[in-house]
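Chemist: For reference, the structure I am asking about is given below.
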Amino acid sequence: MSARVAVLFAHPALQKSRVNRRLVRGLNAIEGVDFCDLYEEYPLMEIDVRREQARLEAADVIVWQHPFYWYSTPAILKQYQDLVLEHGWAYGRGGNALRGKTLLSVTTAGGSVSVYQPDGQNRLTIREFLAPIEQAALLCGMRYLAPFVVHGTHVLSLEDIEVHREAYHRLLVALRDERVDLDATAEMSHINADLDLVIRSV
């Protein structure tokens, strides 16, 4: 039995994207992956809460994919969190709909790994900047994985981007097939630092 994966993708200027546009290419063809482009689905940001709650209820693994905007997420993903993760449904008394599920953040950043370090320009790692998402996952009873982070997007070659795309798709397939050692990601700054460490062989 395989897990069901829902990818919620948020990019407000996809036509200008070098990396995310390629990362999502072919996701619809992966069996067991439900891919949703939030800006395409909800161009006016009028999110259908019940529809999206049903989408999340049907998934075992939830992926929030987005470019790293001002140390956070694009607006629609915050809107999604505010509206869909309701008290009494996602958390609080009777809010058990997401309990036991796995959440993965997938993000891209123009800065290199070195600028997202305690001694770097941005002072924190991207995982540390994503702490509100990690805490939201924990509040909802979900397991939060180390994020999948693509750094240095402005200088990546097409060949580099393809390597990241293949790694991302490999990870999604492994999550679907329940071959990811969740405990191994606990202390990682980003899960794609060593996929061979976290993905079990068949």
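Chemist: Taking Cα pairs under 8 Å and at least six residues apart, what relative contact order does segment 5-198 come out at, in percent?
Modeler: 22
Chemist: When the dipole is taken about the Cα centre of segment 158-202, and only Lys, Arg (+1) and Asp, Glu (-1) are charged at their Cβ, what size is it in debye, to the nearest 20?
Modeler: It comes to approximately 200 debye.
Chemist: Label-point separation (nm) for L197 and R4, each offset 7 Å from Cα along Cα-to-Cβ?
Modeler: Rounded to a tenth, the inter-label distance reads 3.3 nm.
Chemist: Check which residues have an amide H placed less than 5 Å from V180's amide H, if you skip close sequence neighbours.
Modeler: Excluding prolines and chain starts, which carry no amide H, the hits are R200.
Chemist: Mind listing the phi-derived Karplus ³J(HN,Hα) values for segment 123-134, rounded to whole Hz, using 6.51, -1.76 and 1.60 with θ = phi - 60°, and x for any glycine or proline?
Modeler: Per residue, the Karplus-derived 3J(HN,Hα) values read 6, 10, 7, 5, 4, 5, 5, 8, 3, x, 5, 4 Hz.
Chemist: Let me ask you something else. With volume of the Cα convex hull per residue in Å³ as the read-out, I listed [x] 122; [y] 171; [z] 105; which label goes with the value calculated from this structure?
Modeler: The value matching this structure is [x].
Chemist: I want the antiparallel fraction of DSSP beta bridges within segment 1-148, as a percent rounded to 5.
Modeler: Here the share of antiparallel DSSP bridges comes out near 5 percent.
Chemist: Non-local amide H neighbours of F35 (under 5 Å, H modeled in plane, Pro and chain starts lacking H): which ones?
Modeler: Amide H neighbours of F35, under 5 Å, 5+ apart: V7.
Chemist: Kindly provide the helix-only [θ] at 222 nm of the chain, computed as the sum of -39,500 (n - 2.57) over DSSP H runs of four or more divided by all residues, to the nearest 500 deg cm²/dmol?
Modeler: -8500 deg cm²/dmol
Every number here is computed from the coordinates shown, using simple stated rules; none is lab data. For clarity, every value in this text was computed on a predicted model and none was experimentally measured. Methodologically, a virtual Cβ is constructed for each residue, glycine included, from the backbone with ideal geometry; neighbour enumeration extends over all protein chains shown.
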